[in-house]
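Here the structure is laid out as structure tokens; the discussion comes afterwards.
Derivation of every value follows stated rules applied to the coordinates shown; laboratory data play no part. Since we're looking at a predicted model, the values are computed, not measured. Cβ: placed from backbone, ideal geometry, glycine included. Neighbour counts: every protein chain shown.
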Amino acid sequence: MSPKREQQTIVVGVTGGIGAYKACELVRDVMRRGFRVKVVMTESATRFVTPLTFRTLTGEPVAVSLWADEPDAKVHHISLAEAADVVVIAPCTANVIAKLAHGRADDMLTTTVLATEAPVIVAPAMNTHMWRKEVTQANVSALRARGYAFVEPGHGALACGDVGEGRLAEPALIADAAQAEACRARDLAGVHVLVTAGPTHEPIDPVRFIGNRSSGKTGFAIAEEAARRGARVSLVTGPVSLPDPFGVEVVRVTTALQMRAAVLARFDSSDVVIASAAVADFRPATFASGKIKTADAPDAVVLARNPDILAELGEANGGRAVLVGFAAETSDVVTYAREKLAGKRLDLVVANDVSGELGFETDENRVMFVSADAAEELPVLDKRVIARELLDRIAALVDARKSL
Ligand code: CTP
């Protein structure tokens, strides 16, 4: 699928724990796998291993201080953050996990992590009691929910003399995780992904409209994640208050008819369409060009049916592009999702039960991936993590289609 790629960069963050010496082995292992490695250390890490060690191993300058003079006058933490295809922090102390969980950025490493768009892998290492503390586990959960990957610490004799969980995982395991993320980081290279998002607003007059509660968060998260994984992404969105995702073509529309036109104009070049928009099924049959005065309000608004954009694509598609629809249901989720799958000729439906608290306007959701022969239920996850899981499935579908 992907042509010969340029060398990918893995930024290895080293924090102040005895496991820092194992980071030397990690760096060598990752380099042997063909990656360029840049190391960033905390001040405490330099008490265990010197920057010179990593500089010698990698042949690259090692970043420690935010305030060091950079010969090329670049803002170093930003250039590191941008250069990274993957960031791996190994070993990662409880303190740095806590800082990351709270978005703190008070040194070179944490500032780089806050500034990066790359996936972050954390390999914790600490005393077993510190690892098991509720506060540490809560910080780990918070980071997981935001999409950080963890390479769990192993069990064994610790430097402090205790025996238990807390040992840094074996460097080869951490390198495996880094390599897997790096592959995923480019698995949509050369693929054009078209995403619809948000609600549509169907005007009654210049100030009133029929709309719905869709926030657009899921569609924006999918577009952002697809772009991060190398796809060319077009995002056609109804009215939402979200900023443009980085590196994405954003087309802002208002009505279903406008969304249809923008989608159809891009469909032929698309390999994947992900229709997360909550398109209004109906629009007012007439539009009053002047604001309707209260005294003149009609007793009823006559509605006209909007075209079903995704069904239209399904009909035109002939099995070419991968088509993914969304289904918000309040009961019989799988049954209704399968009806949509067949009716609109889709490859996959992301179904969610909107009868509870989750769904609209929330950061989290619980969804099912429903295809013709499987229904996979995911736990409650942050919408960004759902985006990643969904794109994993879609990347596999794209590969399968290309090898036909
Ligand atoms: N969709 C679309 N154009 C429409 C309506 C829906 O492209 N005019 C897409 C949505 O983006 C979503 C899927 O179709 O991917 C939702 O299907 P739909 O049948 O509209 O579901 P609901 O209206 O939620 O449910 P139902 O029809 O069962 O009431």
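Data overview
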{"quantity": "Cβ-Cβ FRET estimate between R320 and D363, R0 fixed at 25 Å, reported to 0.05", "calculated": "0.15"}
{"quantity": "Spatial separation of Cα centroids for the range 134-201 and the range 332-404, in angstrom", "calculated": "22"}
{"quantity": "FRET efficiency, 1/(1 + (r/R0)^6) with R0 25 Å, evaluated for D373 and S403 via beta carbons", "calculated": "0.85"}
{"quantity": "Directionally averaged projected area (convex hull, Cα atoms, the chain), nm²", "calculated": "24.2"}
{"quantity": "The chain: Lys pairs at Cα distance under 24 angstrom, eight or more positions apart or on different chains", "calculated": "13"}
{"quantity": "Spin-label model distance (nm) - D205 vs W67, 7 Å beyond Cα toward Cβ", "calculated": "6.3"}
{"quantity": "Paramagnetic reach from L264 in the range 304-324 [backbone N under 14 Å; point 7 Å along Cα→Cβ]", "calculated": "306-317"}
{"quantity": "Length-normalised contact order for the range 1-70 - Cα pairs under 8 Å, 6+ apart - percent", "calculated": "34"}
{"quantity": "A172 paired with D296, simple spin-label distance in nm, labels 7 Å along Cα-to-beta-carbon", "calculated": "7.9"}
{"quantity": "Over the range 192-402, equivalent-ellipsoid semi-axes from the Cα gyration tensor in Å", "calculated": "29, 19, 17"}
{"quantity": "Cβ-derived FRET efficiency at R0 30 Å, R32 paired with K133, nearest 0.05", "calculated": "0.25"}
{"quantity": "Residue-span extension gain [A83 to A311] - 0.36 nm each, minus C-alpha spacing", "calculated": "78.0 nm"}
{"quantity": "Computed log₁₀ I(q)/I(0) - Debye formula, equal Cα scatterers, no solvent, the range 172-227, q 0.25, 0.29 Å⁻¹", "calculated": "-0.97, -1.07"}
{"quantity": "Highest-MSF residue in the chain out of S270, S65, S234 [GNM, Cα springs under 10 Å]", "calculated": "S65"}
{"quantity": "Largest-first principal axis extents of the Cα set of the range 9-184 (Å)", "calculated": "46, 33, 30"}
{"quantity": "Contact order normalised by residue count of the range 192-402, Cα under 8 Å, 6+ apart, percent", "calculated": "20"}
{"quantity": "Order of W67, W131 - criterion: other Cβ atoms within 10 Å of each residue's Cβ, fewest first", "calculated": "W67, W131"}
{"quantity": "For the chain: relative contact order, % (alpha-carbon pairs under 8 angstrom, 6 or more apart)", "calculated": "12"}
{"quantity": "Calculated P(r) tail over 22 Å for the range 2-113, as whole % of Cα pairs", "calculated": "27"}
